[in-house]
Amino acid sequence: MSDASGDRPVLVTGGASGIGAATCRLLATHGHPVVVADVHDGAGRAVAAEVNGLFVHLDVGDPEDWSTVLRVATDRFGRLYGLVSAAGVKSEYLIDSPEDEELFARTARVNQFGVLLGVQVVGQHLRAGGEGSIVNIASAAAMPPAQSPDLAYVSTKWGVRGISRTAAKALAPYGVRVNTVLPGLINTPMIAGVAAGDPERVAQISAAIPLGRVGEPDEVACAAYFFVSDQSSYATGAELVVDGGTLA
Ligand SMILES: NC(=O)c1ccc[n+]([C@@H]2O[C@H](COP(=O)([O-])OP(=O)(O)OC[C@H]3O[C@@H](n4cnc5c(N)ncnc54)[C@H](O)[C@@H]3O)[C@@H](O)[C@H]2O)c1
């Protein structure tokens, strides 16, 4: 198989917004056919149109949706070469929140089970083709020391690190790499509530980041692209923190 980007279709979950959408755009710039997958159909279709790609509705927590997306993507492109799992939700499940099994389960279903299904379903497909690259987006909040108070979000993102490393070992013999990107605070709709309309709060947050600002989705997309590309051909089970120096 040729290593030209045009022969390497990549599926991006959470592709309708933020980091996922930026990753779709960057992959397309580099010539990759892109499958934009998301629960948010309108925004997903708009990104797919922009990158001349294919939109497929995908709820990452639904195994049947994964079978459909794989079938539709391979019908269109013949095969997949890569997966970037960027779909995610925050939960605001704090230590003194009411005990809420449903909120925890909902968070885990997207952030953790969704990533797990991706490495299983797409992993099996890539393994059969003898090459490929999977990139999971976790969070710098899943690195020590503890930073975020959101118990459900943080624990599911730690889970993503475990899934990536375990899958990396399982899939390495088949030429399939699995790596993880751990973003810090990034300017996407997910954090819109953090300091919306409050310049003082924005200044306070920025001052706590060594580079002095919140990151942009493109700056995380670059890290995801690095792991998709052959520039990272000897990296698997690796983790890249992109957080403006916060963990330094
Ligand atoms: N923004 C940050 O500061 C930040 C920091 C660290 C990690 N992250 C992680 O980066 C990833 C992307 O987040 P973002 O900031 O771009 O947020 P975002 O809200 O802009 O994008 C998340 C996307 O995931 C999609 N999604 C949600 N549930 C889904 C489901 N069940 N199936 C399919 N798609 C679903 C949403 O529709 C949305 O398009 C997430 O995994 C997030 O946890 C974000």
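Worth pointing out:
- Among ASP218, ASP65, ASP100, residue whose mean-square fluctuation peaks in a GNM of the chain (springs only between Cα atoms under 10 Å): ASP100
- In the range 138-248, a dipole from Cβ-located charges (positive for Lys and Arg, negative for Asp and Glu) runs towards its positive end, and of THR246, GLY212, LEU171 it is LEU171 whose Cα lies farthest in that direction.
- Modelled spin-label separation between LEU103 and ASP7, with each label point placed 7 Å from Cα along the Cα-to-Cβ direction: 5.0 nm.
- Phi-derived couplings, Karplus 6.51 cos²θ - 1.76 cosθ + 1.60 at θ = phi - 60°, listed residue by residue for the range 203-213: 5, 5, 5, 5, 5, 7, 9, x, 6, x, 7 Hz, with x used for Gly and Pro.
- Among ALA224, ALA86, ALA172, the largest mean-square fluctuation in a Gaussian network model of the chain, built with springs joining Cα atoms closer than 10 Å, belongs to ALA172.
- Crossing angle, helix 217-228 versus the chain [Cα axis fit, 0-90 degrees, rounded to tens]: 40 degrees
- Accessible surface calculations at 1.4 Å, restricted to protein heavy atoms, place the range 140-204 at 49 Å² per residue.
- Computed on the range 204-248, with alpha-carbon pairs under 8 angstrom and 6+ residues apart, the relative contact order is 51 percent.
- Among LEU185, LEU211, LEU80: highest mean-square fluctuation, GNM of the chain, C-alpha pairs under 10 Å: LEU211
- The H on the amide N of VAL84, modeled in the peptide plane, is under 5 Å from the matching H of LEU11, VAL12, THR13, VAL135, each at least 5 residues off or on a different chain.
- Compared with the dominant principal axis of the Cα atoms in the chain, helix 114-129 is inclined by about 20°.
- Note on the range 164-248: along the principal axes its Cα atoms extend 51, 24, 21 Å, ordered by decreasing extent.
- Ranked packing of 16-23, 187-194, 161-168, most packed first, by mean Cβ within 10 Å: 16-23, 161-168, 187-194
- More than 25 angstrom apart: percent of Cα pairs within the range 1-150: 29 percent
- Calculated on the Cα set of the range 107-159, radius of gyration then Dmax: 13.4, 42 Å.
- Carbon + sulfur, % of accessible area of the range 173-248 - ligands and nucleic acids excluded, 1.4 Å: 58 percent
- Calculated mean residue ellipticity, 222 nm, the chain: -13500 deg cm²/dmol, from DSSP H runs (n ≥ 4) at -39500 (n - 2.57) each, averaged per residue and rounded to 500.
- Karplus 3J(HN,Hα) series, Hz, for the range 153-160 with 6.51 cos²θ - 1.76 cosθ + 1.60 (x for Gly, Pro): 4, 4, 5, 5, 6, 4, x, 4
- Against the chain, whose longest principal axis is taken from its Cα atoms, helix 18-29 shows a tilt of about 40°.
- Taking each residue as 0.36 nm, the span from GLN231 to TRP158 lengthens on full extension beyond its C-alpha to C-alpha distance by 23.7 nm.
The values are calculated or read from the model by the stated rules, or taken from the named source; none is laboratory data. What you see is a predicted model, and the numbers here were worked out from it, not measured in a lab. All Cβ positions, even for glycine, are placed from backbone atoms using ideal geometry, and neighbour counts span all protein chains on display. Keep in mind that these areas ignore ligands, DNA and RNA; they rest on the heavy atoms of the full protein, side chains included. Shrake-Rupley method; radii C 1.70, N 1.55, O 1.52, S 1.80 Å.
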